[in-house]
Amino acid sequence: MAFSTRIYADYGMEKKTGTDKYHALGTILELPDGREFKYAKAGAVALGQGKTVASAAPIAHHDMDLVTAATAVGATSITVTLEGTLATEDQYADGYIYTNDATGEGQIYRIAGHDAIDSAGSGAIDLAENDKVAVATVATTLSGLHVNPYSGVVISPATVVTRTVGVPATAIAAAAYGWVQTKGLASVLIGGTTELGEPVRVHGNGGTAGAIIGLIRGGTNEDEQEVGVMLGVVAASGDYGLVFLNID
(Lines give C-alpha, C1' and ligand atoms only; values in the text may rest on other atoms or scores of the structure.)
Protein backbone atom coordinates (compact mmCIF):
# COMPACT_ATOMS: atom_id res chain seq x y z
CA MET A 1 0.00 0.00 0.00
CA ALA A 2 1.37 3.42 -0.96
CA PHE A 3 1.24 6.31 1.49
CA SER A 4 1.94 10.02 1.05
CA THR A 5 4.93 11.15 3.09
CA ARG A 6 3.44 14.58 3.85
CA ILE A 7 -0.15 15.67 4.25
CA TYR A 8 -1.70 19.09 4.77
CA ALA A 9 -4.74 19.42 7.02
CA ASP A 10 -6.82 21.87 9.01
CA TYR A 11 -6.56 22.47 12.75
CA GLY A 12 -7.77 19.55 14.83
CA MET A 13 -6.41 16.80 12.59
CA GLU A 14 -3.36 16.59 14.87
CA LYS A 15 -5.62 15.44 17.72
CA LYS A 16 -7.10 12.44 15.93
CA THR A 17 -6.03 9.05 17.32
CA GLY A 18 -7.16 5.46 16.93
CA THR A 19 -6.22 1.80 16.66
CA ASP A 20 -6.41 1.70 12.84
CA LYS A 21 -3.34 2.67 10.84
CA TYR A 22 -4.11 5.32 8.21
CA HIS A 23 -0.62 6.58 7.33
CA ALA A 24 2.92 5.30 7.14
CA LEU A 25 4.79 5.77 10.40
CA GLY A 26 6.77 9.00 10.28
CA THR A 27 4.36 10.69 7.85
CA ILE A 28 4.48 14.48 8.28
CA LEU A 29 1.30 16.41 9.03
CA GLU A 30 1.50 20.16 8.43
CA LEU A 31 -1.14 22.59 9.73
CA PRO A 32 -1.98 25.96 8.10
CA ASP A 33 0.24 27.82 10.61
CA GLY A 34 3.29 25.68 9.76
CA ARG A 35 3.27 23.44 12.84
CA GLU A 36 4.45 19.93 11.95
CA PHE A 37 3.72 16.50 13.43
CA LYS A 38 4.84 12.91 12.78
CA TYR A 39 2.55 9.88 12.71
CA ALA A 40 3.48 7.45 15.47
CA LYS A 41 2.30 4.36 17.31
CA ALA A 42 2.38 4.28 21.11
CA GLY A 43 4.05 1.41 22.93
CA ALA A 44 2.51 -0.62 25.76
CA VAL A 45 1.90 2.52 27.87
CA ALA A 46 -0.37 5.44 26.94
CA LEU A 47 1.26 8.76 26.00
CA GLY A 48 0.13 11.97 27.69
CA GLN A 49 -0.32 15.22 25.77
CA GLY A 50 2.42 17.80 26.19
CA LYS A 51 5.09 15.28 27.24
CA THR A 52 8.16 14.47 25.21
CA VAL A 53 8.16 10.98 23.75
CA ALA A 54 11.03 8.85 22.49
CA SER A 55 11.77 5.94 20.20
CA ALA A 56 11.67 2.46 21.69
CA ALA A 57 15.03 1.23 22.94
CA PRO A 58 16.84 -1.26 20.65
CA ILE A 59 16.65 -4.95 21.57
CA ALA A 60 20.11 -6.08 22.62
CA HIS A 61 19.96 -9.45 20.83
CA HIS A 62 18.74 -7.91 17.59
CA ASP A 63 20.46 -4.55 17.25
CA MET A 64 23.85 -5.50 15.75
CA ASP A 65 26.36 -8.26 15.00
CA LEU A 66 23.76 -10.72 13.70
CA VAL A 67 25.25 -13.41 11.46
CA THR A 68 24.03 -12.65 7.95
CA ALA A 69 23.67 -15.20 5.14
CA ALA A 70 25.51 -14.58 1.89
CA THR A 71 23.17 -12.46 -0.23
CA ALA A 72 23.52 -11.49 -3.88
CA VAL A 73 23.05 -8.04 -5.38
CA GLY A 74 19.41 -7.57 -6.35
CA ALA A 75 18.01 -9.88 -3.65
CA THR A 76 14.72 -8.80 -2.06
CA SER A 77 15.35 -10.37 1.36
CA ILE A 78 18.24 -10.84 3.78
CA THR A 79 18.46 -13.81 6.16
CA VAL A 80 19.86 -13.21 9.65
CA THR A 81 20.33 -15.35 12.76
CA LEU A 82 19.04 -13.82 15.97
CA GLU A 83 20.78 -14.14 19.29
CA GLY A 84 18.95 -14.76 22.61
CA THR A 85 15.54 -13.15 21.95
CA LEU A 86 12.79 -14.17 19.51
CA ALA A 87 11.16 -11.81 17.03
CA THR A 88 7.41 -11.86 16.54
CA GLU A 89 5.86 -11.77 13.09
CA ASP A 90 6.39 -8.36 11.45
CA GLN A 91 7.95 -6.93 14.62
CA TYR A 92 10.31 -4.97 12.36
CA ALA A 93 7.85 -4.14 9.57
CA ASP A 94 8.43 -0.52 8.47
CA GLY A 95 11.75 -0.67 10.32
CA TYR A 96 15.29 -1.15 9.07
CA ILE A 97 18.05 -3.70 8.61
CA TYR A 98 21.60 -2.39 8.34
CA THR A 99 24.99 -4.01 7.82
CA ASN A 100 27.36 -3.05 10.62
CA ASP A 101 30.53 -5.03 9.90
CA ALA A 102 32.53 -6.81 7.15
CA THR A 103 31.54 -7.08 3.47
CA GLY A 104 28.59 -4.83 2.66
CA GLU A 105 28.96 -2.77 5.85
CA GLY A 106 27.36 0.66 5.78
CA GLN A 107 24.22 -0.38 3.89
CA ILE A 108 20.69 0.17 5.25
CA TYR A 109 17.37 -1.12 3.90
CA ARG A 110 13.70 -0.57 4.72
CA ILE A 111 11.87 -3.69 5.95
CA ALA A 112 8.50 -4.73 4.49
CA GLY A 113 7.93 -7.60 6.93
CA HIS A 114 9.02 -11.05 8.08
CA ASP A 115 7.78 -14.26 9.67
CA ALA A 116 8.27 -14.96 13.38
CA ILE A 117 11.87 -15.95 14.18
CA ASP A 118 12.77 -18.13 17.16
CA SER A 119 15.38 -17.14 19.72
CA ALA A 120 18.77 -17.99 18.16
CA GLY A 121 16.87 -18.94 14.99
CA SER A 122 17.29 -17.73 11.42
CA GLY A 123 14.74 -15.99 9.25
CA ALA A 124 14.37 -13.99 6.05
CA ILE A 125 13.83 -10.25 6.38
CA ASP A 126 11.80 -9.07 3.38
CA LEU A 127 12.80 -5.66 2.05
CA ALA A 128 10.47 -2.87 1.00
CA GLU A 129 9.36 -2.88 -2.61
CA ASN A 130 12.19 -1.78 -4.92
CA ASP A 131 14.71 -1.59 -2.03
CA LYS A 132 16.91 -4.44 -3.24
CA VAL A 133 20.32 -5.49 -1.93
CA ALA A 134 22.87 -3.10 -3.42
CA VAL A 135 26.10 -4.66 -2.13
CA ALA A 136 26.49 -8.43 -1.80
CA THR A 137 27.00 -9.85 1.68
CA VAL A 138 29.11 -12.88 2.62
CA ALA A 139 29.14 -15.38 5.48
CA THR A 140 31.16 -13.01 7.68
CA THR A 141 28.82 -10.01 7.21
CA LEU A 142 27.09 -8.82 10.39
CA SER A 143 23.81 -6.91 10.49
CA GLY A 144 21.35 -5.32 12.92
CA LEU A 145 17.59 -4.76 13.10
CA HIS A 146 15.81 -1.66 14.33
CA VAL A 147 12.10 -0.88 14.60
CA ASN A 148 10.75 2.21 12.91
CA PRO A 149 11.64 5.22 15.14
CA TYR A 150 7.93 6.05 15.38
CA SER A 151 6.78 2.55 16.39
CA GLY A 152 6.34 1.59 20.05
CA VAL A 153 6.98 5.18 21.16
CA VAL A 154 7.41 5.76 24.92
CA ILE A 155 7.45 8.73 27.29
CA SER A 156 11.02 10.08 27.24
CA PRO A 157 12.69 8.29 30.18
CA ALA A 158 14.10 10.23 33.12
CA THR A 159 17.23 8.10 33.41
CA VAL A 160 18.00 6.57 30.01
CA VAL A 161 19.27 8.57 27.05
CA THR A 162 17.09 7.92 23.99
CA ARG A 163 16.07 9.93 20.93
CA THR A 164 13.03 12.09 21.58
CA VAL A 165 10.81 12.15 18.49
CA GLY A 166 8.06 14.61 19.43
CA VAL A 167 5.34 15.82 21.78
CA PRO A 168 1.78 14.40 21.48
CA ALA A 169 -0.89 16.96 20.66
CA THR A 170 -3.39 14.89 22.66
CA ALA A 171 -3.30 11.70 24.72
CA ILE A 172 -2.59 8.55 22.69
CA ALA A 173 -3.78 5.24 24.15
CA ALA A 174 -1.43 2.29 24.48
CA ALA A 175 -0.77 0.64 21.09
CA ALA A 176 -2.83 3.33 19.31
CA TYR A 177 -1.79 5.68 16.50
CA GLY A 178 -1.59 9.45 16.72
CA TRP A 179 0.45 12.56 15.98
CA VAL A 180 3.53 13.82 17.84
CA GLN A 181 4.64 17.40 17.24
CA THR A 182 8.13 18.13 15.96
CA LYS A 183 8.04 21.80 14.89
CA GLY A 184 6.32 24.99 15.99
CA LEU A 185 4.63 26.28 19.11
CA ALA A 186 3.66 23.62 21.65
CA SER A 187 2.63 23.30 25.28
CA VAL A 188 5.25 21.11 26.97
CA LEU A 189 5.78 19.80 30.50
CA ILE A 190 8.49 21.74 32.37
CA GLY A 191 10.80 19.73 34.61
CA GLY A 192 13.20 22.38 35.88
CA THR A 193 14.65 25.85 35.43
CA THR A 194 14.04 27.55 32.08
CA GLU A 195 14.53 31.09 30.74
CA LEU A 196 12.70 32.98 28.03
CA GLY A 197 14.44 32.58 24.68
CA GLU A 198 16.89 29.90 25.80
CA PRO A 199 17.30 26.42 24.33
CA VAL A 200 15.50 23.62 26.18
CA ARG A 201 16.46 19.99 26.46
CA VAL A 202 14.94 16.69 27.48
CA HIS A 203 15.01 16.45 31.29
CA GLY A 204 16.88 13.15 31.50
CA ASN A 205 19.81 12.09 33.66
CA GLY A 206 17.70 11.65 36.77
CA GLY A 207 15.17 14.34 35.87
CA THR A 208 11.45 14.17 35.08
CA ALA A 209 10.12 11.71 32.50
CA GLY A 210 8.54 13.48 29.52
CA ALA A 211 9.69 16.93 30.63
CA ILE A 212 12.11 19.59 29.41
CA ILE A 213 14.63 21.81 31.19
CA GLY A 214 16.80 24.76 30.22
CA LEU A 215 20.40 24.24 29.18
CA ILE A 216 22.59 24.32 32.28
CA ARG A 217 26.11 24.74 30.98
CA GLY A 218 28.53 22.58 32.88
CA GLY A 219 25.55 21.00 34.63
CA THR A 220 23.73 17.70 34.58
CA ASN A 221 21.71 18.26 31.40
CA GLU A 222 24.25 19.65 28.96
CA ASP A 223 24.44 16.36 27.02
CA GLU A 224 20.70 15.76 26.68
CA GLN A 225 18.87 16.24 23.38
CA GLU A 226 17.92 19.81 22.54
CA VAL A 227 14.29 20.03 21.39
CA GLY A 228 13.47 23.74 21.04
CA VAL A 229 13.41 27.23 22.54
CA MET A 230 11.30 28.72 25.35
CA LEU A 231 8.79 31.14 23.85
CA GLY A 232 6.40 32.81 26.28
CA VAL A 233 6.01 33.21 30.01
CA VAL A 234 8.43 30.92 31.84
CA ALA A 235 6.43 28.18 33.59
CA ALA A 236 7.21 26.67 36.97
CA SER A 237 8.44 23.09 37.25
CA GLY A 238 5.47 20.74 36.93
CA ASP A 239 3.49 23.19 34.79
CA TYR A 240 3.34 23.32 31.00
CA GLY A 241 5.10 26.10 29.10
CA LEU A 242 5.13 27.38 25.53
CA VAL A 243 8.05 26.02 23.55
CA PHE A 244 8.95 26.49 19.91
CA LEU A 245 9.85 22.92 18.99
CA ASN A 246 12.54 22.09 16.47
CA ILE A 247 13.10 18.37 16.88
CA ASP A 248 13.88 17.38 13.30
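The values are calculated or read from the model by the stated rules, or taken from the named source; none is laboratory data. Model, not experiment: these values are computed from the prediction. Note that we place each Cβ from the backbone using ideal geometry, even for glycine, and neighbour counts take in every protein chain shown. Note: areas computed on protein heavy atoms with side chains; ligands, DNA, RNA excluded. Shrake-Rupley method; radii C 1.70, N 1.55, O 1.52, S 1.80 Å.
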Checklist line | Residue satisfying condition, being open to solvent by 20 Å² or more (accessible area, probe 1.4 Å), over 21 Å from Ala174 (Cβ atoms) and modelled with pLDDT of 95 or more, within set Asp33, Asp20 | finding: Asp33
Check: If we scan region 141-148, do we find a residue that is touching a residue at least 12 places away in the same chain (Cβ under 8 Å), over 30 Å from Arg201 (Cα atoms) and open to solvent by 30 Å² or more (accessible area, probe 1.4 Å)?
Finding: yes
Check: From the residues in region 54-79 that are in a loop (DSSP other than H, G, I, E, B), open to solvent by 50 Å² or more (accessible area, probe 1.4 Å) and touching a strand residue (DSSP E or B) at 6+ places or on another chain (Cβ under 7 Å), which one is nearest to Phe244 (Cα to Cα)?
Finding: Pro58
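In this structure, does Leu25 turn out to be among the aliphatic types (A, V, I, L, M), modelled with pLDDT under 95 and touching a Phe, Trp or Tyr at 6+ places or on another chain (Cβ under 7 Å)?
When the stated conditions are applied, Leu25 passes them.
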Note to self: Checking Lys132 against (1) more than 23 Å from Ala60 (Cβ to Cβ); (2) under 23 Å from the mean Cα position of the chain (by Cα); (3) charged (D, E, K, R): exactly one of these is not met. Which one?
What the structure shows: (2)
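Condition first: over 24 Å from Thr27 (Cα atoms) and open to solvent by 20 Å² or more (accessible area, probe 1.4 Å). Now tell me which residues in region 169-200 satisfy that.
The answer is Thr193, Glu195, Leu196, Gly197, Glu198, Pro199.
Which one of Lys51, Lys41 is surrounded by 15 or more Cβ atoms within 10 Å (Cβ to Cβ), touching a Pro at 6+ places or on another chain (Cβ under 9 Å) and of a type in the set (Lys, Arg)?
None of the others qualify; the one that does is Lys51.
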Margin query: I'd like the residue in region 165-179 that is assigned to a loop (DSSP other than H, G, I, E, B) and in contact with a helix residue (DSSP H, G or I) (Cβ under 7 Å, 6 or more places away or on another chain) and, out of all such residues, is modelled with the highest pLDDT.
Written below: Thr170
Item checked: Ala128 being within 21 Å of Ala93 (Cα to Cα), touching a strand residue (DSSP E or B) at 6+ places or on another chain (Cβ under 8 Å), open to solvent by 40 Å² or more (accessible area, probe 1.4 Å) and of a type in the set (A, V, I, L, M) -> no
Item checked: Selection count, region 104-118, where residues are part of a loop (DSSP other than H, G, I, E, B), of a type outside the set (D, E, K, R) and at pLDDT 95 or above -> 3
